[in-house]
Amino acid sequence: MTNTITEIRERFKDSPFISHIGLEIVDFQEGNIQLKLLVKEKLFNVNGTMHGGVHATVLDTVMGMTTRSITKAPCLTINLNIHYLSPSKSGVVYAKGSIIHRGYRMATVEGEMTDSDGTILAKGIGTFKLLRDKEIKEVYK
């Protein structure tokens with residue numbers, strides 16, 4: 001587990017896009033990952049609230065990290081569905097994920113994004129392909 005956790009942390013830290021938006025790890029244990037993001041103007045849409053693409057990115061990231069932390073397999077997002085429930089204009093948002101089904105090749109994961117008061121901003125569900133030996137070599141050439 002330690003090697004997987006270390007590898008996930010390194011990939012997260014080395015991601016230019018993750019760094020660009022300012023996403024941070026709050027808690028990182030096997031199957032229990034929480035991320036946070038400071039809501040800032042550069043992440044806003046034309047309506048002055050956080051862009052839906054940011055919600056999707058954060059939920060995809062936390063669900064993928066959760067999947068990898070439990071399955072120990074690299075994974076790719078196959079499907080991502082986001083329900084936008086409440087806008088965010090300021091403060092900090094938090095995201096967490098949990099696996100709801102896992103097979104040998106696929107995992108289905110739920111994610112939730114909340115604000116500091118616990119208001120649910122968005123919920124997501126994603127399907128992730130778990131990469132196995134040969135596939136890992138093809139994807140990570």
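The values are calculated or read from the model by the stated rules, or taken from the named source; none is laboratory data. If you're wondering where the values come from, they're calculated on a predicted model, not measured in any experiment. Cβ atoms come from the backbone with ideal geometry, glycine included; neighbour counts cover every protein chain shown.
Here are some notes:
- Which numbered condition residue 118 misses (of (1) more than 22 Å from residue 21 (Cα to Cα); (2) in a loop (DSSP other than H, G, I, E, B)): (1)
- Residue within the range 77-99 that is surrounded by fewer than 17 Cβ atoms within 10 Å (Cβ to Cβ), of a type in the set (Gly, Ala, Ser), under 12 Å from the mean Cα position of the chain (by Cα) and not in a helix (DSSP H, G or I) present: yes
- The set of residues in the range 23-39 being on the phi < 0 side of the Ramachandran plot and touching a residue at least 60 places away in the same chain (Cβ under 8 Å) consists of 26, 32, 33, 34, 35.
- Residues (surrounded by 13 or more Cβ atoms within 10 Å (Cβ to Cβ), polar (S, T, N, Q) and either closer than 18 Å to residue 131 by Cα or touching a residue at least 40 places away in the same chain (Cβ under 8 Å) (or both)) located in the range 1-22: 4
- Qualifying residue in the range 60-67 (condition: in contact with a strand residue (DSSP E or B) (Cβ under 6 Å, 6 or more places away or on another chain) and assigned to a strand (DSSP E or B)): no
- Residue tally, condition in contact (Cβ under 8 Å) with a residue 24 or more places away in the chain, of a type in the set (Val, Ile, Thr) and more than 17 Å from residue 96 (Cβ to Cβ), over the range 40-70: 1
- Residues of the range 27-56 satisfying the condition of being surrounded by fewer than 21 Cβ atoms within 10 Å (Cβ to Cβ), within 15 Å of residue 11 (Cα to Cα) and at pLDDT 95 or above: none
- So residue 118, is it without any contact (Cβ under 8 Å) to a residue 24 or more places away in the chain, at positive phi, surrounded by fewer than 19 Cβ atoms within 10 Å (Cβ to Cβ) and not aromatic (Phe, Trp, Tyr): yes
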